[in-house]
Amino acid sequence: MSTFRQAHQDVHGALRTYVGVLREQRRRADEASSAAAEDGHRPRRQECEFTSPRPTMIVR
């Protein structure tokens, strides 16, 4: 039973890390988008390195 519990804790930790990375990338993208909007620029699309297979996100 402890093996299952440890596996569950490991997966939980990995998912928390993944979510943290995604949130940080979203925050950076939002900041860049807001800054560019203030400058009157249109967003360009860039591939996101943390998702797959070929998603894009708006960056400035």
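For the pair residue 15 and residue 38, how long in nm is the line joining their label points, each one 7 Å along Cα→Cβ?
3.7 nm
To the nearest 10 square angstrom, what accessible area does residue 30 show with a 1.4 Å probe?
Here the residue's solvent-accessible area equals roughly 80 Å².
The values are calculated or read from the model by the stated rules, or taken from the named source; none is laboratory data. If you're wondering where the values come from, they're calculated on a predicted model, not measured in any experiment. Please note: Cβ atoms are built from the backbone with ideal geometry, for glycine as well, and neighbour counts cover all protein chains shown. To get the accessible areas, we keep the full protein, side chains included, count just its heavy atoms, and leave off ligands, DNA and RNA. Shrake-Rupley method; radii C 1.70, N 1.55, O 1.52, S 1.80 Å.
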